[in-house]
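Trainee: Before I ask anything, let me first share the structure, which is written out below as structure tokens.
Throughout, read-outs are computed from the coordinates displayed, never taken from laboratory work. Predicted model, so just to flag it, every value in this text is computed and none were measured. Backbone-built Cβ (ideal geometry, glycine too); neighbour counts: all protein chains shown.
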Amino acid sequence: MNAPFLLVIPPEYFPTALTAACMLRAQEIVLLDTVQYSRQSFQNRTLIRNLDGVQWLTVPVRSGQFGDPIDRTRIDVDSGWRGRHDKALRFNYSTAPFYLHFRPHLDAVLDGGSGILADVTCSAMRVAAELLGCVA
């Protein structure tokens, strides 16, 4: 059995399978929301399965944010991203088993936030940790 450890990671817009596996093993999880925003990373996007294979869901950030820490990176709230993500999740998963069980958790992430990237990503990570039975 592996010894418990402290997991310190930047928050992701819903964790990848590797991150989720690490979260399950960790004794404690610290979300490092002061790291520099990195384009084309899982900090503001995630992959979902769809009929054609996979689809990216991306939280758009305002231009000029590159290099700022994610706790100061502003989301482009006027882009309609929440509605697009909601529509994609409903279309691709509404007939999946347990969809109605998980939907309130997804709504909490999509409906929440102050327009700061870290608020959305930390919310997504907390929801994932709760559903996995982890401590965050």
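Trainee: Looking for whichever is touching a residue at least 12 places away in the same chain (Cβ under 8 Å), closer than 20 Å to Val109 by Cβ and not aliphatic (A, V, I, L, M) here; the options are Phe5, Phe14. Which one fits?
Mentor: Being touching a residue at least 12 places away in the same chain (Cβ under 8 Å), closer than 20 Å to Val109 by Cβ and not aliphatic (A, V, I, L, M) holds for just one of Phe5, Phe14, which is Phe14.
Trainee: Let me ask something additional. In segment 25-41, how many are surrounded by fewer than 18 Cβ atoms within 10 Å (Cβ to Cβ) and either on the phi > 0 side of the Ramachandran plot or of a type outside the set (Gly, Ala, Ser) (or both)? Full working, then the answer.
Mentor: Taking segment 25-41 and keeping what is surrounded by fewer than 18 Cβ atoms within 10 Å (Cβ to Cβ), we get 25, 27-28, 30, 32, 34-36, 38-41.
In the following step, the residues that additionally are either on the phi > 0 side of the Ramachandran plot or of a type outside the set (Gly, Ala, Ser) (or both) were identified as 25, 27-28, 30, 32, 34-36, 39-40.
Adding up the residues that qualify gives 10.
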